[in-house]
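Here's the structure, in structure tokens; my notes come after.
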Amino acid sequence: MGLGQAALRRATGYASEREVSGRPIGKNRSIQHPLAQSWAELEASLLMAQKAAWLYDRHQPCGAEANGAKYLAAEACYRACENAVRTHGGMGYAKEYHVERYLREAWIPRLAPVSPQLILCFIAEKVLGLPKSY
């Protein structure tokens with residue numbers, strides 16, 4: 001999640017500073033909306049992680065919440081990094097802006113230690129009561 005937040009900070013900083021036709025690109029809704037959506041998704045994943053921790057601290061079942069938090073955080077992180085590259089446009093591939101590296105690194109929490117597909121299978125079985133599929 002920290003990676004997604006770092007990407008969001010870079011993107012909002014760039015959107016505030018980069019000017020086209022005499023105005024910052026951050027004034028455009030096409031820039032604002034994806035970044036705002038990333039903020040909301042990152043915050044939601046943080047809340048799910050806090051709920052899982054709260055349950056764990058009280059020795060209550062928290063597997064579904066922990067898996068949900070991992071899934072939401074990894075996906076939110078990836079989308080925030082993707083939005084950061086898009087906000088930078090062609091400069092999103094320039095190493096000095098770091099967002100291209102963030103996007104590459106955002107794959108790690110999506111793949112390890114558990115894939116999103118296995119998390120969804122766990123939630124489908126344990127939370128929704130569907131038959132085991134793996």
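The values are calculated or read from the model by the stated rules, or taken from the named source; none is laboratory data. Source: prediction; values computed, not measured. Here the Cβ is made from the backbone with ideal geometry for all residues, glycine too, and neighbour counts use every protein chain on show.
Listed here are the residues, each with its yes/no results for (1) over 21 Å from Arg9 (Cα atoms); (2) of a type in the set (D, E, K, R); (3) surrounded by 14 or more Cβ atoms within 10 Å (Cβ to Cβ).
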{"site": "Ala40", "(1), (2), (3)": "no, no, no"}
{"site": "Ala53", "(1), (2), (3)": "yes, no, yes"}
{"site": "Ala64", "(1), (2), (3)": "yes, no, yes"}
{"site": "Asn67", "(1), (2), (3)": "yes, no, yes"}
{"site": "Tyr71", "(1), (2), (3)": "yes, no, yes"}
{"site": "Ala74", "(1), (2), (3)": "no, no, yes"}
{"site": "Arg79", "(1), (2), (3)": "no, yes, yes"}
{"site": "Asn83", "(1), (2), (3)": "no, no, yes"}
Using the structure shown, decide if Tyr71 is at pLDDT 95 or above, of a type in the set (Ser, Thr, Tyr) and over 29 Å from Ser16 (Cβ atoms).
-> yes
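Sort through Ala64, Ala69, Ala84, Ala74 and tell me the only one that's part of a helix (DSSP H, G or I), touching a Leu at 6+ places or on another chain (Cβ under 8 Å) and among the small types (Gly, Ala, Ser). Let's see the steps before the verdict.
On the way: Ala64 fails: touching a Leu at 6+ places or on another chain (Cβ under 8 Å); Ala69 fails: touching a Leu at 6+ places or on another chain (Cβ under 8 Å); Ala74 fails: touching a Leu at 6+ places or on another chain (Cβ under 8 Å).
One residue alone meets the criteria, Ala84.
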Which ones in the range 65-97 are touching a residue at least 60 places away in the same chain (Cβ under 8 Å) and either touching a Lys or Arg at 6+ places or on another chain (Cβ under 6 Å) or among the hydroxyl-bearing types (Ser, Thr, Tyr) (or both)?
-> Tyr78, Ala84, Thr87, Tyr97
Tell me, which residue of the range 93-129 that is loosely packed, with under 13 Cβ neighbours inside 10 Å and part of a loop (DSSP other than H, G, I, E, B) is nearest to the chain's Cα centre (by Cα)?
-> Ala112
